[in-house]
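Colleague: A single structure is presented below for examination.
The values are calculated or read from the model by the stated rules, or taken from the named source; none is laboratory data. Model, not experiment: these values are computed from the prediction. Cβ placement follows ideal geometry from the backbone for every residue including glycine, while neighbour counts extend to all protein chains displayed. Accessible surface areas use protein heavy atoms only, side chains included; no ligands, DNA or RNA. Shrake-Rupley method; radii C 1.70, N 1.55, O 1.52, S 1.80 Å.
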Amino acid sequence: MAEDHIRYDILAQEALRGVMRKVLAEVARTGLPGNHHFFITFVTGAPGVRISPRLRERYPEQMTIVVQFQYWDLKVTDSGFEIGLSFSDVPERLEIPFAAVRGFYDPSVNFELEFDVKTDTADVGEADEAVEEAPKKAKGEAAAKPAAAKKGDAKKKAAEAAKEEPAEGAKGAEVVSLDAFRKK
């Protein structure tokens, strides 16, 4: 097989991250339309991720947040986004580079994107200083999964993550699998 000098895998991944970027930017401007909401899974140790030490300790590898009812100060840039969420009634501000996002899922329309995220364990301690470097690293190291090849896996992971930690801090709320509402 011929060597891919163009790196279509990276180009496809960047294009699909652009879809997520555009959607989040629109939501930041106008709010969530209709029943749309998002499960966003990201690698907590990826370069440029900024979360509190409390959250980093609780989620040392990856974390799924839910952008639905209670979020604030959503800001989107070319390289990532910032969002305010409440975890167990404690407000937190998260900064997440798009290069750190492993999955984006909108269950209202069954739309899903999955990405490979390459991390270097040596960079974990330097993650906060690496905010500007994250997009450059993603371009050089990322491997794409441009299609939603594992739809069932991502939905299952998002539902499990939401059961573990309701990101919106809905006190006493119970997360129920989407399958519970589907006709069988």
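Colleague: Along the charge dipole of segment 1-114, pointing to its positive end and built from +1/-1 on Cβ of Lys, Arg, Asp and Glu, which listed residue (ILE10, GLY45, GLN68) has its Cα farthest out?
Modeller: Projecting each Cα onto the dipole axis, the largest value belongs to GLN68.
Colleague: Go through 50-61, 17-28 and give me the packing order, highest mean Cβ count within 10 Å leading. Working shown, then result.
Modeller: Numbers: 50-61: 14.0, 17-28: 16.5.
So the peptides 50-61, 17-28, ranked by packing, come out 17-28, 50-61.
Colleague: Using alpha-carbon positions, what is the distance between the centroids of segment 76-119 and segment 20-58, in Å?
Modeller: 3 Å
Colleague: Okay, moving on. Write down Rg/Rh for segment 25-81, rounded to two decimals, with Rg from the C-alpha atoms and Rh from the Kirkwood relation over Cα pairs.
Modeller: In segment 25-81, Rg relative to Rh is 0.99.
Colleague: Report, to the nearest whole %, how much of the accessible area of segment 27-106 belongs to carbon and sulfur atoms, 1.4 Å probe, protein only.
Modeller: Roughly 49 percent of what the probe reaches on segment 27-106 is carbon or sulfur.
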